[in-house]
1. Please compute the length gained on full extension between Val12 and Ile82, using 0.36 nm multiplied by the number of residues separating them and subtracting their Cα-Cα distance.
2. Where the accessible area of the chain is counted over protein heavy atoms with a 1.4 Å probe, how much of it, in %, is carbon and sulfur?
3. How much accessible area per residue does the chain have, counting only protein heavy atoms and a probe of 1.4 Å, in square angstrom?
4. Looking at the chain as a GNM with Cα springs under 10 Å, which of Ser45, Ser13, Ser121 has the largest mean-square fluctuation?
5. Rounded to the nearest Å, what's the spacing between the alpha carbon centres of region 87-102 and region 1-18? Just the number, please.
6. Taking a ≥ b ≥ c as the square roots of the eigenvalues of the Cα gyration tensor of region 80-128, is the shape rounded (a/c under 1.5), prolate (a/b larger than b/c) or oblate?
7. For region 125-165, what does the alpha-carbon gyration tensor say about shape, rounded, prolate or oblate, given a ≥ b ≥ c as the root eigenvalues, a/c under 1.5 as rounded, and a/b over b/c as prolate?
8. May I ask for the Rg/Rh ratio of region 48-165, computed from Cα atoms with Rh as the Kirkwood radius, given to two decimals?
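The values are calculated or read from the model by the stated rules, or taken from the named source; none is laboratory data. Everything quoted here is computed from the prediction, not taken from an experiment. No Cβ is skipped: glycine too gets one built from the backbone with ideal geometry, and neighbour counts run over all protein chains shown. The area values use the complete protein model at the heavy-atom level, side chains included, leaving out ligands, DNA and RNA. Shrake-Rupley method; radii C 1.70, N 1.55, O 1.52, S 1.80 Å.
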Amino acid sequence: MLKKVFRNLSIVSLVTICLTGCGFQPLMTGQNDAPQRYILKINGSGYTAYKFRRELEKQLALTPKVNDKAYVVTVTLTESYIATTYGTDATVSRSQVQSTAAYTIMDCNKPVAQGMLAADSSYQLNYREEFATRSAQAAAVERTLMILAEDLAREVALKIRGRMQ
């Protein structure tokens with residue numbers, strides 16, 4: 001029994017020594033490079049601003065570090081609802097939520113870039129089922145904010161990388 005344990009231990013040791021010499025690195029150690037640092041300032045109201053901030057933080061955490069600077073990203077959110085389809089009785093049967101983000105990227109009080117992005121999503125209105133309508137509206141708002149956060153994170157990364165070259 002002791003011989004088996006010693007033999008297995010020596011095999012594991014030998015494999016470990018061989019693998020360390022060949023440059024093997026475990027896959028599940030995480031990233032060595034930290035993400036680029038951003039300071040977010042979101043101007044908006046209520047749940048919309050909260051949800052957008054969380055989504056933008058997730059997206060920006062995926063951007064690799066370009067330099068040691070911390071960029072200030074200021075975003076002003078606006079949201080509007082537009083009737084898109086009318087029924088035969090002139091009631092609105094489909095509506096659209098549009099979220100707009102006006103952004104400015106600053107580096108040491110110097111503007112790097114500014115612009116405006118918009119995203120929209122539509123949802124079905126059902127006047128007989130208020131819960132279904134409100135649920136569809138909330139889902140459309142969340143979809144819109146997620147799309148807008150993805151687009152803005154991509155835009156910020158492109159502007160900062162473009163400035164580096």
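1. Contour length minus Cα-Cα distance gives 18.6 nm.
2. Solvent-exposed carbon and sulfur of the chain make up 57 percent of the total.
3. So the chain comes to 68 Å² accessible per residue, rounded to a whole number.
4. It is Ser13.
5. Centre-to-centre distance over Cα atoms comes out at 69 Å.
6. Prolate shape, in that a/c is at least 1.5 and a/b is the bigger ratio.
7. On the way: a/c = 10.35, a/b = 7.26, b/c = 1.43.
The shape class here is prolate.
8. Details: Rg = 17.7 Å, Rh = 15.9 Å.
Value, to two decimals: 1.11.
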